[in-house]
2 protein chains.
Amino acid sequence: MDAIEILKQLKDKGVRFTPQRQAILEFLLETVSHPTADEIYHHVKAKFPGVSLGTIYNTLNMLKEHGHLLELSYGDMSSRFDGNPKNHYHIVCSKCGTVADFHRPLIDIDQEVMDNSGFLIMGHRMEFYGICPECRANEKLN
Amino acid sequence: MDAIEILKQLKDKGVRFTPQRQAILEFLLETVSHPTADEIYHHVKAKFPGVSLGTIYNTLNMLKEHGHLLELSYGDMSSRFDGNPKNHYHIVCSKCGTVADFHRPLIDIDQEVMDNSGFLIMGHRMEFYGICPECRANEKLN
DNA sequence: CTAGGTGCAAAAGGTTTGCGCTGAC
DNA sequence: GTCAGCGCAAACCTTTTGCACCTAG
């Protein structure tokens, strides 16, 4: 599903189609990274020099409310946004904050949660917490 | 493992034992909720009226670095801290922010990650994203 | 004694909000 | 024409930092 299609769907809910929103959503869908609001801002600014951070947040919150993106937080300062929830898992170092990818087939569990909770489940996120190889090496030196 | 025991272990790493730290850690271990820094602050303030928020954050970051607690973020304003990582899973409503518990046996996967990543894994966290029953009902009304 | 911790207050950084104007419908 | 969205800037809230004093080891 592409940006235009999603925004057309949202029109039924009183959400207006604007070029800024199209640009934001297109970027979220085409990138495989998990950009921060500020990164999205700078990217969209290349196309729309007048765009403001407020508009970015406004759009992100609107999309989040309608379930079209996930807001992730890795404990560092700013949130990251993911337009492709079904992705892969992460390992976060509690010491230095490094985030590594962990590739493995997604666990097939969403249906079980949906059946037992009454929630409409869009996806899940899994993170492992630990100490990265570098920090482990540094600890041994002390 | 209780607060005093953990703090004694940390002494070897040059971390000092202070009554404030004991109070913070005891609260984290005894509560089953996931308090914010501010909630911890107010709780500890009952015992140590002079304690400051800076000390709370200082201690939380120290504990996090040593792997004794997890910093969670649910997209709302402030981080939440969990002294008992091995717990249960959560379902977060993208629309209203409600966090519901989902009880099920923990997925046995940490060893697999440890073997394949080089990280020392302390635990994992899993969250499901979707729309809660109340918000689903509200959407249908429109 | 002396480093690390504390309390306080100021600063920093991310996110939200208010307001007048614009543009989608 | 109307109202949601825009840009701008100020406000807000959480977290970090700097500094003088204190205290655990």
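The values are calculated or read from the model by the stated rules, or taken from the named source; none is laboratory data. None of the values given here were measured: they were computed from a predicted structure. Virtual Cβ from ideal backbone geometry, glycine too; neighbours counted across all protein chains shown.
Points to keep in mind about this one:
- Qualifying residue in the stretch A:68-83 (condition: small (Gly, Ala, Ser), in contact (Cβ under 8 Å) with a residue 24 or more places away in the chain and either more than 10 Å from DNA strand C (Cβ to nearest atom) or in contact with a Lys or Arg (Cβ under 9 Å, 6 or more places away or on another chain) (or both)): yes
- All positions within the stretch B:1-58 that are within 8 Å of DNA strand D (Cβ to nearest atom), more than 19 Å from the chain's Cα centre (by Cα) and within 14 Å of chain A (Cβ to nearest Cβ): B:LYS11
- Subset of the stretch B:1-59 (residues that are modelled with pLDDT of 95 or more and hydroxyl-bearing (Ser, Thr, Tyr)): B:THR18, B:TYR41, B:SER52, B:THR55, B:TYR57, B:THR59
- Residues considered: B:LYS8, B:LYS64, B:LYS45. Of these, the only one that is touching a Ser or Thr at 6+ places or on another chain (Cβ under 6 Å) and outside the structural domain of B:ASP108 (by the TED database) is B:LYS64.
- Only residues that are acidic (Asp, Glu) and farther than 21 Å from A:MET122 by Cα were counted in the stretch A:26-68, giving 2.
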